[in-house]
1. Exactly one of these conditions fails for S249: (1) part of a helix (DSSP H, G or I); (2) open to solvent by 10 Å² or more (accessible area, probe 1.4 Å); (3) of a type outside the set (V, I, T). Give me its number.
2. Which of the residues that make up region 164-204 are open to solvent by less than 10 Å² (accessible area, probe 1.4 Å) and of a type in the set (D, E, K, R)?
3. Of everything in region 117-134 that's polar (S, T, N, Q) and modelled with pLDDT of 90 or more, which residue is most open to solvent (accessible area, probe 1.4 Å)?
4. Right, Q226: under 14 Å from the mean Cα position of the chain (by Cα), of a type in the set (S, T, N, Q) and at pLDDT 85 or above or not?
5. Please go through (1) among the hydrophobic types (A, V, I, L, M, F, W, C); (2) in a helix (DSSP H, G or I); (3) crowded, with 21+ Cβ neighbours inside 10 Å for A224 and return the number of the only condition it doesn't satisfy.
6. Any chance region 135-152 includes a residue that's open to solvent by 70 Å² or more (accessible area, probe 1.4 Å) and either at pLDDT 80 or above or assigned to a strand (DSSP E or B) (or both)?
Amino acid sequence: MPSKADVKAWKAQLVAQAEQQILKLTDSDRFKQYLNTLAKFHHYSARNIDLIYAQNPQATQVAGFKQWQTAFNRTVNRGEKAIRIAAPIIKKLTPEDQKRLDTTEEKAIVGYRYIPVFDISQTSGEPVLSAKDFVKENLVDHKNVTNLYNELKDYLNNNTDIKVSEKSLSELGGAKGYFQPNTNEIVIGGDEPDNALKLKTLYHEYAHSQLHGLKSAFKDRPRAYQETQAEAVAYVAMQNIGVDTSNYSLGYVATWAKDKAVIHSALSEIQQVSNKVIELSDGLTKQLGLQEAQKEPEHDLKKLSAHDLNKSYQGLQQQVQQATNPQQKAELKNKLNDLHHEISNRTQKQLQAFTEENPSIKQPESELDQGLKR
């Protein structure tokens with residue numbers, strides 16, 4: 001079995017690989033274009049967000065009539081009803097106004113007026129990049145994912161102060177799940193058809209409970225940090241069990257952590273929780289009797305027993321079948337090939353030793369020799 005040092009190195013490698021892949025994505029021209037798009041949209045106050053939601057709960061990106069034309073090359077569709085938001089009325093202050101208001105500011109808000117904006121769904125024109133372009137929900141299912149999800153859910157309910165329940169996706173307002181700090185409750189979309197995504201969501205929300213609960217050290221981190229950390233933990237946990245969620249997770253992380261400083265800072269704090277999640281998952285997979293495909297074979301294969309060699313070989317075979325990333329698949333095949341050679345060499349040595357100890361046993365005749373004797 002792998003040593004403690006090997007296991008520790010494996011965990012550190014998973015987190016490091018996650019950071020490299022996320023940084024690689026954020027360096028892409030397409031992602032920079034996405035960030036430029038975000039910058040064009042105004043950041044609205046909580047009051048205006050409430051106003052937008054009250055008038056159009058499905059609204060995702062709003063802008064004024066002219067802004068859609070000039071900034072996005074889109075036009076508002078004929079007959080669309082505007083969403084009204086509050087815009088401040090700013091007045092230049094006279095010396096008398098400054099004295100009356102006890103301020104040295106040259107300008108001040110003296111009131112509000114309601115102005116019209118429109119959601120992207122009310123417009124037509126050139127496509128606008130959104131987070132969905134980087135978050136693709138096409139995870140490959142894993143035959144043991146459902147069992148592990150149920151086992152993890154039961155473990156958290158029975159052995160921790162966290163309560164995990166399920167609701168229909170329609171009740172979650174577009175989310176896959178959420179963590180409620182004041183009740184220490186995790187809610188998962190129970191009717192999510194993709195079992196791998198369902199398990200990943202549970203890992204994500206569990207990470208929130210550990211990193212951002214009411215008593216957690218990082219509970220006051222900004223939302224971008226929190227989402228970056230939770231999804232990075234989920235990505236590492238899924239990688240550890242051999243299910244590649246990079247198409248979903250890395251895009252999700254990148255859309256929250258919009259600059260490298262956030263990525264570096266956020267990921268530097270997840271190591272402890274990542275280790276905890278990996279250890280928990282490993283314990284549950286053992287209870288379920290699943291192959292430990294997530295652990296790499298020991299580098300010195302000659303030190304492994306025949307039983308461990310065969311077990312590692314079976315686990316790697318399973319990983320090769322499940323791998324969707326070409327580079328990862330090639331690396332796994334190389335490791336599988338090394339194991340195959342070691343098993344083959346040992347078998348040949350055992351056969352040779354056996355024949356030397358038993359010289360009276362004749363070697364089977366080849367088909368060619370038998371054919372000549374006929």
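1. Status for S249: all satisfied but (2).
2. Across region 164-204, the qualifying residue is only K200.
3. Here is the first cut: in region 117-134, the residues polar (S, T, N, Q) are 121-124, 130.
Within this subset, residues satisfying the condition of being modelled with pLDDT of 90 or more are 121-124.
Working: S121: 82, Q122: 17, T123: 10, S124: 56 Å².
Filtering first and then ranking leaves S121.
4. Working: under 14 Å from the mean Cα position of the chain (by Cα): yes; of a type in the set (S, T, N, Q): yes; at pLDDT 85 or above: yes.
Spelling it out, Q226 is indeed under 14 Å from the mean Cα position of the chain (by Cα), of a type in the set (S, T, N, Q) and at pLDDT 85 or above.
5. Condition (3) is where A224 drops out.
6. yes
Table: residues versus (1) assigned to a strand (DSSP E or B); (2) hydrophobic (A, V, I, L, M, F, W, C).
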{"position": "T70", "(1), (2)": "no, no"}
{"position": "T75", "(1), (2)": "yes, no"}
{"position": "R78", "(1), (2)": "no, no"}
{"position": "K81", "(1), (2)": "no, no"}
{"position": "I109", "(1), (2)": "yes, yes"}
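The values are calculated or read from the model by the stated rules, or taken from the named source; none is laboratory data. Everything numeric in this text was worked out from a predicted model, so none of it was measured. Here the Cβ is made from the backbone with ideal geometry for all residues, glycine too, and neighbour counts use every protein chain on show. Note: accessible area is taken over every heavy atom of the protein model, side chains too, but ligands, DNA and RNA are not part of it. Shrake-Rupley method; radii C 1.70, N 1.55, O 1.52, S 1.80 Å.
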